[in-house]
Every structure is written in structure tokens, then in C-alpha cells.
Amino acid sequence: MAEGLLPHIAGDQFEVFSAGTRPASLNPNAVTAMAEIGINIAGNRSKSVDEFAGQQFDFVFTVCDNAKESCPIFPGGGKRLHQSFEDPAAAPADQQLEVFRKVRDQIADRLRKFVREES
């Protein structure tokens, strides 16, 4: 969701890449939650951090404690920013969409703060 949110919030101010330590298929509830605010992520795919090995980044965000602990070190400096969010996919099936909405909004708030600080 962050991959779709940051360009929506910051325009082309940042080049955005997204990856996970344990990528899985794109959750339909994530697609729905993002579509509700006008962001289409249906064409996105889950990627592994391994795809970006050796690349340099100015900022690396981690959004869960597991990712913070197992995220590789990217060379060339770069500021690591961490905030843990609830895993919406771990919620009971009948509550997942609501948790995706909540986490979407929390991530958006955090990214707005980041953009204000870095602009």
C-alpha cells in the first residue's frame, strides 16, 4: 500500500520501490482499500528485497518488526525509518477489509509526516 500511497501524497518527489522479506500474492483487500481512495494498485506485484540487492536508496522504510529485524542493509548510506503496523492479512477474514482500511490510513498519515519533514 505504501508503494501506491507515497506517489499519491508526494507526486514525483520520490522514486518509490516496494519489497518484502516474505512476499506473497497481492491481497484483494489491499486492492479494494486503495481503490476506495482512488489509487489503483491492481497491477502491482509483491517483490522480494532480494530483487533490490546492491541498489542504493536514500530512505528505507520498514513497516513491521519482522522486516525491521530481517531487512538487508543497503549500501551507500540511506536513512532507515521504521514504524510497525498491524498485519491486515493476519486479521480474521470477516475483519480484513476494515483492518486494511485502518492500516492504509495509518501508513498515509506516516508518509504525510515524512514528506513534510523531507520537503
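The values are calculated or read from the model by the stated rules, or taken from the named source; none is laboratory data. Keep in mind that what you see is a predicted model, and the values were worked out from it rather than measured. Here the Cβ is made from the backbone with ideal geometry for all residues, glycine too, and neighbour counts use every protein chain on show. Heads up: the accessible areas ignore ligands, DNA and RNA and are worked out on the full protein's heavy atoms, side chains in. Shrake-Rupley method; radii C 1.70, N 1.55, O 1.52, S 1.80 Å.
Only one of the numbered conditions (1) more than 12 Å from the chain's Cα centre (by Cα); (2) crowded, with 16+ Cβ neighbours inside 10 Å; (3) of a type in the set (Val, Ile, Thr) is violated by Val63, and that is (1). Scan region 11-31 for residues that are loosely packed, with under 15 Cβ neighbours inside 10 Å and not in a loop (DSSP other than H, G, I, E, B) and report the count. So the count comes out to 1. Cβ-Cβ distances below 6 Å connect the following pairs, each with a first residue in region 97-119 that is farther than 16 Å from Val16 by Cα and part of a helix (DSSP H, G or I), a second residue that is of a type outside the set (Lys, Arg) and open to solvent by 20 Å² or more (accessible area, probe 1.4 Å), and a separation of six or more residues or different chains: Leu97/Asn29; Phe100/Asn29; Val103/Phe85; Val103/Glu86; Arg104/Met1; Gln106/Phe85. Residues in region 35-57 that are open to solvent by less than 50 Å² (accessible area, probe 1.4 Å), touching a His at 6+ places or on another chain (Cβ under 9 Å) and touching a residue at least 40 places away in the same chain (Cβ under 8 Å): 0 in all. Within region 32-51, the set of residues being outside any loop (DSSP other than H, G, I, E, B) and within 15 Å of the chain's Cα centre (by Cα) comprises Ala33, Met34, Ser48, Val49.
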